[in-house]
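S.K.: Take a look at this one; I'll ask things after.
The values are calculated or read from the model by the stated rules, or taken from the named source; none is laboratory data. For clarity, every value in this text was computed on a predicted model and none was experimentally measured. Positions of Cβ are generated from backbone atoms using ideal geometry, with glycine treated the same way; all protein chains shown enter the neighbour counts. Note: accessible area is taken over every heavy atom of the protein model, side chains too, but ligands, DNA and RNA are not part of it. Shrake-Rupley method; radii C 1.70, N 1.55, O 1.52, S 1.80 Å.
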Amino acid sequence: MDQSPLGNRVPFLDLDAHHRPIRAELDAAIADVIDSGAFAGGPFVEKFERDFATYCGCKHAIGVGSGTEAVWLALLAAGIGAGDEVITVPNSFMATAEAITYCGARPVFVDVDDSTYTMDPEGLEAALTPNTKAIIPVHLFGQCADMDPILDFARQNDLIVIEDAAQAHGAKYKHRMAGTIGSVGCFSFYPGKNLGALGEAGAIVTNDQALDSRIRVLRDHGQTQKYHHSDIGWNCRMDGIQAAVLSVKLRQLDRGNRLRRSHAAAYNEAFSGIEDIITPVAADYGEHVYHVYAVRVEERDHALWLLGKKGIQVGIHYPVPIHRQKAYHSLGYEIGSFPIAETLAHQLISLPMFPELSSSQIEQTAHALKEAVLAAASR
Ligand SMILES: Cc1ncc(COP(=O)(O)O)c(C=O)c1O
């Protein structure tokens, strides 16, 4: 059957299926906020901060308005500003680099490892200058970067390590939770994330008391007490409804991550022995949480066309690496600067991945992709 009937479509993400079983709890949590009037900051945010710090096994969690704000505030609190350079990777969502630029600093990229697609520590030495102040490894697709060599390099060169854990809620690196390995970790709770709000939200986690205090001041207009401003900050507060929702959804996170891992294993099994489909590598140093399950396919255009025709929704993360974005033309990076990130931009396809994905949806997706790849190989 070439054309899938409408009912046979496979969505990339199904938030409705995720929310249905907990809908009554979500409704009650939202009603509590409405009844209490604690809409901006307040007790629901404080509760979620305690819940999330406990989940991550760290001392402090600070709720903010988005993951972008989390990275930006972490940098500001670390004192990063004009004239500074921050090393990160080009295959991330734009927000990682944007936050660096919004502090007045300059993003400097290093290429990624060919198997995990996360920061290649080998690239750090060449990126280092006297202006380098920080490193932001990105735990891409739900897998931690290889943090120990990055931390060693940072220690040797007096740099702060800020983890972009926006895609890695609950992921682990050598038994340490993503976000708690460097000095500070940044999370996004964008609705499609493994832990997603019903709107925009983010959080910063740290064990450093001074950073925690500074971020709390900066996220609230630099106020130390109402209408007394020690710093120029911004409004980056988390809102009460998102915090209450997140406390409910946090209880589902580990179960969701376990299901994602078993779906990834099913995809891997379905693609085993097919040389033209490179499945994701889960490094043995940690625990992957498959925010994204992305395969590498050389003849991507044909595969995208066929998957689309069969009603299977897929994504591309990311079609243009950050150093090649028009917005960063001024940084002067040529094509070929980061060959692995650039190759990934042409080859990766993110397949449907969410906890409620059914085995028949996995089979349907895997069958269509195999058909596309085998057809391309026989042309
Ligand atoms: C790696 C990464 N960093 C930062 C962000 C920004 O988070 P937000 O969309 O909540 O601002 C995202 C969001 O997709 C992300 O994937």
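S.K.: Let me spell it out: the conditions are (1) surrounded by fewer than 23 Cβ atoms within 10 Å (Cβ to Cβ); (2) within 12 Å of the ligand (Cβ to nearest atom), and ASN131 meets all of them except one. Which number is the exception?
M.R.: (2)
S.K.: Condition (residue is assigned to a strand (DSSP E or B) and under 22 Å from ILE87 (Cβ atoms)) applied to the range 140-149: is it met by at least one residue?
M.R.: Within the range 140-149 (the criterion being assigned to a strand (DSSP E or B) and under 22 Å from ILE87 (Cβ atoms)), the answer is no, since none of the residues qualifies.
S.K.: Scan the range 332-353 for residues that are more than 16 Å from PRO280 (Cα to Cα) and either buried (at least 16 other Cβ atoms within 10 Å of the Cβ) or touching a residue at least 12 places away in the same chain (Cβ under 8 Å) (or both) and jot them down.
M.R.: TYR333, SER337, PHE338, PRO339, GLU342
S.K.: If I filter the range 160-169 down to residues being part of a loop (DSSP other than H, G, I, E, B) and open to solvent by 10 Å² or more (accessible area, probe 1.4 Å), which single residue comes out as nearest to the ligand (Cβ to nearest atom)?
M.R.: Only one residue tops the list, namely ALA166.
S.K.: Separate question: Select from the range 170-188 the residues that are open to solvent by 10 Å² or more (accessible area, probe 1.4 Å), of a type outside the set (Gly, Ala, Ser) and either over 21 Å from LEU75 (Cβ atoms) or not in a loop (DSSP other than H, G, I, E, B) (or both) and list them in ascending order.
M.R.: Selection gives LYS172, LYS174, HIS175, ARG176, MET177.
S.K.: LEU124 - would you say it is within 12 Å of the ligand (Cβ to nearest atom), touching a residue at least 24 places away in the same chain (Cβ under 8 Å) and hydrophobic (A, V, I, L, M, F, W, C)?
M.R.: no
S.K.: For the range 53-75, does any single residue satisfy the condition of being in contact with a Lys or Arg (Cβ under 7 Å, 6 or more places away or on another chain) and away from the ligand (no atom under 16 Å from the Cβ)?
M.R.: Yes; the residues of the range 53-75 include at least one that is in contact with a Lys or Arg (Cβ under 7 Å, 6 or more places away or on another chain) and away from the ligand (no atom under 16 Å from the Cβ).
S.K.: How about the range 283-332: which of its residues are among the hydroxyl-bearing types (Ser, Thr, Tyr) and out of contact with any Lys or Arg (no Cβ under 7 Å at 6 or more places or on another chain)?
M.R.: Answer for the range 283-332, where residues must be among the hydroxyl-bearing types (Ser, Thr, Tyr) and out of contact with any Lys or Arg (no Cβ under 7 Å at 6 or more places or on another chain): TYR293, TYR318, TYR328, SER330.
S.K.: Please find, among THR54, THR68, THR129, the residue that is among the polar types (S, T, N, Q) and more than 22 Å from VAL245 (Cβ to Cβ).
M.R.: From the options THR54, THR68, THR129, the qualifying one is THR129.
S.K.: I need the full set of residues from the range 81-102 which are more than 13 Å from the ligand (Cβ to nearest atom) and surrounded by fewer than 23 Cβ atoms within 10 Å (Cβ to Cβ), in order please.
M.R.: GLY81, ALA82, GLY83, ASP84, GLU85, THR101
S.K.: Here's a follow-up. For ILE312, indicate whether it is over 25 Å from ILE100 (Cβ atoms), within 21 Å of the chain's Cα centre (by Cα) and touching a residue at least 40 places away in the same chain (Cβ under 8 Å).
M.R.: For ILE312, the condition - over 25 Å from ILE100 (Cβ atoms), within 21 Å of the chain's Cα centre (by Cα) and touching a residue at least 40 places away in the same chain (Cβ under 8 Å) - is not met.
S.K.: What are the residues in the range 44-72 that are part of a helix (DSSP H, G or I) and either free of Cβ contacts under 8 Å to residues at least 24 places away in the same chain or among the charged types (D, E, K, R) (or both), if any?
M.R.: The answer is GLU46, LYS47, GLU49, ARG50, ASP51, THR54, GLU69.
S.K.: Let me ask another. Residues being more than 19 Å from THR116 (Cα to Cα) and open to solvent by 10 Å² or more (accessible area, probe 1.4 Å): count how many of those fall in the range 137-159.
M.R.: Summing the residues that are more than 19 Å from THR116 (Cα to Cα) and open to solvent by 10 Å² or more (accessible area, probe 1.4 Å) in the range 137-159 gives 7.
S.K.: To continue, here is another question. Being at negative phi, open to solvent by less than 40 Å² (accessible area, probe 1.4 Å) and free of Cβ contacts under 8 Å to residues at least 40 places away in the same chain is the requirement here; does THR365 meet it?
M.R.: no
Residue-wise test of (1) in contact (Cβ under 8 Å) with a residue 60 or more places away in the chain; (2) charged (D, E, K, R).
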position: PRO130; (1), (2): no, no
position: ILE135; (1), (2): no, no
position: MET147; (1), (2): no, no
position: ASP152; (1), (2): no, yes
position: ARG155; (1), (2): no, yes
position: HIS169; (1), (2): yes, no
